[in-house]
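Note sheet for the following structure.
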Amino acid sequence: MIEKVEVAEEALKEIITEEKRGRSDNLELAAREVPHPHYTKIHISIKNVSDEKIYISPLCFSILTKDVERIESSDKTFADKERLTGKELLPNEENKGILIFDIKELVSRLEYKDAFGNFISIDFSL
């Protein structure tokens, strides 16, 4: 029985949705949902396309559900070994990792907004 569960988990890891991309004046964002049975897990790649340093924080990401409910990233993110970590990005530097949201609904939009005015979003097909 344990072997079947492990095989099913490996198969689930291989099933990912199409990557979505967005760009603002200073950031490029790519994201794809990674199926999980209990919550929403999103693989993020964010790149600084400006001429200045930008600090990226996983706490500045949120998702909007199809019902326009805003959900902040979960504390489960910080326990995931592949998590997106906070990092100062130099020009043309990229940061990648996983964000987890405590909801199992369709995602309408992923947003990044920090206190310095950096904003980018990606719409997901519903």
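Could we say that residue 42 is within 16 Å of the chain's Cα centre (by Cα), modelled with pLDDT under 95 and not small (Gly, Ala, Ser) here? It is true that residue 42 is within 16 Å of the chain's Cα centre (by Cα), modelled with pLDDT under 95 and not small (Gly, Ala, Ser).
So, residue 33, is that one in a loop (DSSP other than H, G, I, E, B), in contact (Cβ under 8 Å) with a residue 40 or more places away in the chain, out of contact with any Lys or Arg (no Cβ under 6 Å at 6 or more places or on another chain) and among the charged types (D, E, K, R) or not? Answer is no for this residue.
Being modelled with pLDDT under 95 and surrounded by 13 or more Cβ atoms within 10 Å (Cβ to Cβ) is a property that residue 33 has. For segment 19-30, a tally of residues being exposed (fewer than 13 other Cβ atoms within 10 Å of the Cβ), part of a strand (DSSP E or B) and more than 12 Å from the chain's Cα centre (by Cα) returns 0.
Select the strands (runs of 3 or more DSSP E) contained entirely in segment 69-126, then report the ones holding at least 3 residues which are under 22 Å from residue 39 (Cβ atoms).
70-72, 94-101, 107-113, 119-123
The values are calculated or read from the model by the stated rules, or taken from the named source; none is laboratory data. What you see is a predicted model; the values in this text were computed from it and never measured. For neighbour counting, all protein chains shown are included, and Cβ atoms are generated from backbone atoms with ideal geometry for every residue, glycine included.
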